[in-house]
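Student: Handing you this structure, nothing more for now.
The values are calculated or read from the model by the stated rules, or taken from the named source; none is laboratory data. All values derive from a computational prediction rather than experimental measurement. Cβ placement follows ideal geometry from the backbone for every residue including glycine, while neighbour counts extend to all protein chains displayed.
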Amino acid sequence: MSLSVRESSGVWVWAEHHRGEVNRVSLGLLVKARELCQKLGGGETTAVLAGADSSKLASELIDYGADKVYVADDRSFSLFDTERCASFMTALVDSHHPEIVLWGGINLGRETAARAAARLDTGLIAHCIDLDIEDIDGKHQLVAVVAGWGGNLTLKIICPERRPQMATVKPGIFPPPQAEKRTGEVIPVKAEDKSSRLDVIQVAEEKDETSSLEQADTVIAVGWGMNSMGGFTAAEELAEVLGGMVGGTRPALDAGWISEDKMIGQSGKTASPQLLITLGVSGAAQFATTVTGSGFIISVDKNPNAPIFEMSDIGIVGDLQEVLPLLIEKIREIKKKG
Ligand SMILES: Cc1cc2nc3c(=O)[nH]c(=O)nc-3n(C[C@H](O)[C@H](O)[C@H](O)COP(=O)(O)OP(=O)(O)OC[C@H]3O[C@@H](n4cnc5c(N)ncnc54)[C@H](O)[C@@H]3O)c2cc1C
């Protein structure tokens with residue numbers, strides 16, 4: 001049952017973990033959750049953990065901002081049984097009434113969130129690229145930003161009547177900073193309802209490299225402008241010199257330069273490297289909104305009005321045919337000097 005606006009408080013984060021590690025998207029969400037609590041004028045930041053051996057992860061969640069961690073350290077949670085996870089979260093939310101529940105838009109989170117939202121009879125704002133609290137009609141509301149309408153617009157979405165307000169956020173949007181040692185409360189909970197209509201018969205993992213674009217420190221993003229270079233070979237050279245990884249835009253995928261798991265954007269991966277170099281990428285919203293977590297952005301484009309320059313720390317207006325060989329040569333020289 002959804003709750004009235006007045007009865008709920010606090011911000012919760014579904015803490016997704018795999019092989020004994022909490023996913024970075026959940027850690028970043030905890031930091032964001034604390035910020036949202038402050039803007040709401042109070043309330044606790046709470047993390048929820050479910051699964052075998054999950055209790056040993058609780059202290060890390062506290063260090064990243066949780067005041068409280070509910071833990072169902074229960075072997076009967078089988079991997080990827082999102083129905084079971086949704087039943088558990090629904091029961092917990094029903095008895096504690098959080099104001100907001102945040103989920104990583106990843107493996108378990110995006111599907112569990114949808115199932116839980118349906119059971120709780122509330123809304124779910126998916127693939128968010130920013131979250132904030134705004135005063136709307138005298139009420140503090142979660143305002144979630146998504147890229148929409150063909151990607152040429154960013155939209156603000158609210159869930160004014162139902163509680164909890166729920167949102168999924170793509171990885172890399174809120175990169176977690178360094179954790180600080182904190183204290184908090186760890187509360188063991190029982191997952192009473194062990195029934196599930198799902199039967200997980202096989203888990204086939206993607207190759208490691210699939211996720212590495214999201215974890216790479218240096219990413220070279222190629223766009224349609226690379227066509228002027230007759231392809232993306234020079235971008236691979238730049239990536240090699242810098243020890244980075246090549247990703248790209250939708251046209252780069254369509255041109256066959258990158259594989260599907262290397263496409264950055266609304267329909268692809270989020271990238272939040274320390275260094276992002278874009279080559280002939282115009283900066284359409286479907287691309288741009290998913291690289292905002294990058295530390296430093298250098299962009300090369302011949303169009304001085306390309307939107308990519310608005311988000312770049314260094315913008316080089318020029319033809320790739322001239323700029324790129326020079327860039328590679330200069331970096332090689334600097335590296336040689338040590
Ligand atoms: C529902 C939907 C979802 C989408 N999802 C995605 C997504 O996930 N990811 C994605 O990338 N796109 C996505 N798109 C497409 C997106 O709208 C853009 O079309 C795309 O990002 C543009 O890619 P681009 O920057 O490579 O190409 P363009 O926009 O064509 O830009 C090419 C750039 O190269 C520059 N250039 C050309 N020649 C040179 C040269 N010689 N030297 C220097 N610069 C040069 C141009 O000035 C231009 O700025 C989606 C669209 C829709 C409708």
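Student: Could you say which residue among A66, A50 is in contact with a strand residue (DSSP E or B) (Cβ under 6 Å, 6 or more places away or on another chain) and within 30 Å of D135 (Cα to Cα)?
Tutor: A66
Student: Being of a type outside the set (G, A, S), over 21 Å from V22 (Cα atoms) and crowded, with 22+ Cβ neighbours inside 10 Å is the filter here; which residues of the range 94-123 pass it?
Tutor: P98, E99, L120
Student: Within the group I308, I297, I316, which residue is surrounded by 14 or more Cβ atoms within 10 Å (Cβ to Cβ), within 31 Å of the chain's Cα centre (by Cα) and over 30 Å from R24 (Cβ atoms)?
Tutor: Checking each option against the conditions leaves just I316.
Student: Consider only pairs whose beta carbons are under 6 Å apart and that are at least six residues apart or on different chains; among these, list those whose first residue lies in the range 253-274 and is part of a helix (DSSP H, G or I) and whose second residue is more than 10 Å from the ligand (Cβ to nearest atom) and of a type in the set (S, T, N, Q).
Tutor: If the second residue must be more than 10 Å from the ligand (Cβ to nearest atom) and of a type in the set (S, T, N, Q), the pairs left are D261/T210.
Student: Across the range 300-330, what is the number of residues that are within 16 Å of L242 (Cβ to Cβ) and either among the hydrophobic types (A, V, I, L, M, F, W, C) or near the ligand (Cβ under 8 Å from one of its atoms) (or both)?
Tutor: Count: 8.
Student: Name the residue, out of A221, A234, that is within 13 Å of the ligand (Cβ to nearest atom), at pLDDT 90 or above and closer than 28 Å to G28 by Cβ.
Tutor: After applying the criteria, what remains is A221.
Student: Starting from the range 284-298, take each residue that is farther than 12 Å from D313 by Cβ and list its partners that are more than 9 Å from the ligand (Cβ to nearest atom) and not hydrophobic (A, V, I, L, M, F, W, C), counting only C-beta distances under 6 angstrom and pairs at least six apart or across chains.
Tutor: If the second residue must be more than 9 Å from the ligand (Cβ to nearest atom) and not hydrophobic (A, V, I, L, M, F, W, C), the pairs left are T290/T270; G293/G172; G293/P175; G293/S272.
Student: What are the residues in the range 274-299 that are β-branched (V, I, T) and within 6 Å of the ligand (Cβ to nearest atom), if any?
Tutor: Passing the criteria: only V281.
Student: Mind checking which residues of the range 237-246 are in a loop (DSSP other than H, G, I, E, B) and either within 11 Å of the ligand (Cβ to nearest atom) or surrounded by fewer than 19 Cβ atoms within 10 Å (Cβ to Cβ) (or both)?
Tutor: Once the filter is applied, which keeps residues that are in a loop (DSSP other than H, G, I, E, B) and either within 11 Å of the ligand (Cβ to nearest atom) or surrounded by fewer than 19 Cβ atoms within 10 Å (Cβ to Cβ) (or both), the range 237-246 yields only G243.
Student: I would also like to ask the following. If you check every pair at least six apart or on different chains, which have Cβ atoms under 6 Å apart with a residue in the range 316-337 that is over 14 Å from A235 (Cβ atoms) first and a residue that is near the ligand (Cβ under 8 Å from one of its atoms) second?
Tutor: Listed by first residue and then by second, the contacts come to I316/V300; I316/V323; D319/K302.
Student: Among (1) in a helix (DSSP H, G or I); (2) at pLDDT below 95; (3) surrounded by 22 or more Cβ atoms within 10 Å (Cβ to Cβ), there is one condition S228 misses while meeting the rest; what is its number?
Tutor: With respect to (1) in a helix (DSSP H, G or I); (2) at pLDDT below 95; (3) surrounded by 22 or more Cβ atoms within 10 Å (Cβ to Cβ), S228 is out only on (3).
Student: So in the range 124-145, with the set limited to residues that are in a strand (DSSP E or B), among the acidic types (D, E) and without any contact (Cβ under 8 Å) to a residue 40 or more places away in the chain, which one is surrounded by the most Cβ atoms within 10 Å (Cβ to Cβ)?
Tutor: Looking at residues that are in a strand (DSSP E or B), among the acidic types (D, E) and without any contact (Cβ under 8 Å) to a residue 40 or more places away in the chain, I get E134.
Student: Still on this model: Restricting attention to the range 276-285, which residues are in contact with a Ser or Thr (Cβ under 7 Å, 6 or more places away or on another chain) and surrounded by fewer than 24 Cβ atoms within 10 Å (Cβ to Cβ)?
Tutor: Listed by number, the list holds a single entry, A285.
Student: To continue, here is another question. If I ask for residues that are modelled with pLDDT of 95 or more, of a type in the set (V, I, T) and within 19 Å of the chain's Cα centre (by Cα), which ones from the range 24-83 would you list?
Tutor: V31, T45, T46, V48
Student: Just the residues that are modelled with pLDDT of 95 or more and more than 8 Å from the ligand (Cβ to nearest atom), please, taken from the range 247-273.
Tutor: Hit for the range 247-273 is G247, nothing else.
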